[in-house]
Structures are given as structure tokens and as C-alpha cells.
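Novice: Please find one structure pasted underneath; my questions will follow.
What follows is calculated from the coordinates using simple rules that are stated; it is not laboratory data. Remember, predicted model here, so these are calculated numbers, not experimental data. FYI the Cβ positions are ideal-geometry reconstructions off the backbone, even for glycines, and counts take in every protein chain you see.
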Amino acid sequence: METEAPQHPPWYLEPFEGESISHYFGRFRRQEVISVSTPSSLSKAAGIGTALSRWEKFRFNPRPTQKELEAMSKLIGVEVNKLEALCPPNGVAMVHRSTRLCAVCYREAPYHRIEWQFQSTEGCEKHRLRLISRCPACDEKIPLPFEWKEGSCQRCGMKFSSMAKRQKLYD
């Protein structure tokens, strides 16, 4: 007997493996079928106040509750366990004063990884490179992932993927 695939709403968007909640909800709101453009509007529609605005800035104190995740899950059609995977593990401290990325990882798959924001993450383990938090061309801070429309610096336009050649090795 075949099991049917779950029925998803037309605005369903599958999260990427290891994607950050900030990047995911930025992609979600930019879909053509979505008319909600701010995290606070989406958060309020789910009945969770302004929680999503906090999460998109990597502020997880307090941590998303089961009730909040269930409410968001019901609204957008993504399973609770997948939403939970977009958040840091319990007890992991986050960097929220700057957005960090590995440009080589981004070139391979263009999305922000939640692990790049862990305070314990010193660099990219896969490529042995330091994470970037500023544009190497103009020194502008990398914007929060929910703002990544083009995958490039908002000031000079340098593509995140081309920043790889300026990343430094780390031990």
C-alpha cells in the first residue's frame, strides 16, 4: 500500500539542510504567492506576537516554545521538526551582532547555515576557512540573512560567492 505525500499549501517552501531560520523566512516572504512582507505580520498571523522578528536576528532568549513552533507550522505548512531544525540546538550561544558566512559553502549552495552563527563556530570546518562578517571589498557588514535577495553586498554589490577568494585560512 502506497503512502500519500503530505498535502502542502501553495506557499509551502521546503527548508534546506542546516538553513538558518532567518534565511528561511526571508525566502518564504519573498515568494510571489505570499503577501506578508514583514516578520512581525507573519508572527502575528501565527498568534505568536513578535517572536519571529527576534528569531530572524538570532535572538533565541527565550527559545522558541513548542506552542510557538506548532502555531507557525500550522500557518505555513512546514512540519514542527523542520522548523525546529532551523533554530540552534538548546543551550548553543549565538553571534547576533554580525552575520557570518563561508563564501565557498555559499557558492556551492546559496543559503545561510545556522551553524555559522554559533559562537563556538570559529570557521568553516569543511573548507578550513575563516567565516566572513564584512564585505572584503568595501567593509560593509554582511546583512541579516532574511535580507539576502541577491546574495551580494548591499553597498558595493560584490557577490557573496566571489568573496571566497578573499577568505583566509584558519587552523
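Novice: Which number do you get for Rg(Cα) / (2.2 N^0.38 Å) in the range 113-166?
Specialist: Numbers: Rg = 11.3 Å, N = 54, 2.2 N^0.38 = 10.0 Å.
Scaled against compact globular proteins, the figure is 1.13.
Novice: Which whole number in µm²/s is D for the range 45-99 by Stokes-Einstein, with the Kirkwood Rh taken over Cα pairs at 37 °C and 0.692 mPa s?
Specialist: Result for D is 280 µm²/s.
Novice: No other cysteine beta carbon under 4.7 Å away is the test; run it over the chain and list who passes.
Specialist: So, C87.
Novice: On a 0 to 90° scale, report how tilted helix 21-30 is relative to the longest principal axis of the chain, with both axes built from alpha carbons and the result rounded to the nearest 10.
Specialist: 70
Novice: Okay, moving on. Let me have the relative contact order for the chain, percent, based on Cα pairs under 8 Å that are six or more residues apart.
Specialist: Relative contact order, the chain: 23 percent.
Novice: Note down the magnitude of the dipole of the chain about its Cα centre, charges +1 on Lys and Arg C-beta and -1 on Asp and Glu C-beta and zero elsewhere, to the nearest 20 debye.
Specialist: 900
Novice: How far is it, in nm, from the label point at N90 to the one at H8 when both lie 7 Å from their Cα along the line to the Cβ?
Specialist: 2.8
Novice: I would also like to ask the following. Using Cβ counts within 10 Å as a stand-in for footprinting exposure, how do S120, S41 rank, fewest first?
Specialist: Fewest-to-most ranking of S120, S41: S120, S41.
Novice: List V33, V80 from most exposed to least, where exposure is judged by having the fewest other Cβ atoms within 10 Å. All intermediate terms of the calculation are to be shown ahead of the outcome.
Specialist: Values: V33 9, V80 16.
Neighbour counts put them in this order, fewest first: V33, V80.
Novice: Another question about this same structure. Between helix 66-76 and the chain, what is the angle of the helix's C-alpha long axis to the longest principal axis, kept within 0 to 90° and rounded to the nearest 10?
Specialist: Approximately 80 degrees, to the nearest 10.
Novice: What spacing in nm lies between the two simple spin-label points modelled at R134 and S37, each 7 Å away from Cα in the Cβ direction?
Specialist: In this crude spin-label approximation the distance works out to 3.2 nm.
Novice: If you don't mind, there's one more thing I want to ask. Around L129, which amide H atoms from residues at least 5 apart in sequence, or from another chain, sit under 5 Å from its own amide H, with H modelled in the peptide plane?
Specialist: The answer is C124, Y170.
Novice: With a Förster radius of 35 Å, plug the Cβ-Cβ distance of S161 and T50 into 1/(1 + (r/R0)^6) and report the FRET value to the nearest 0.05.
Specialist: 0.60
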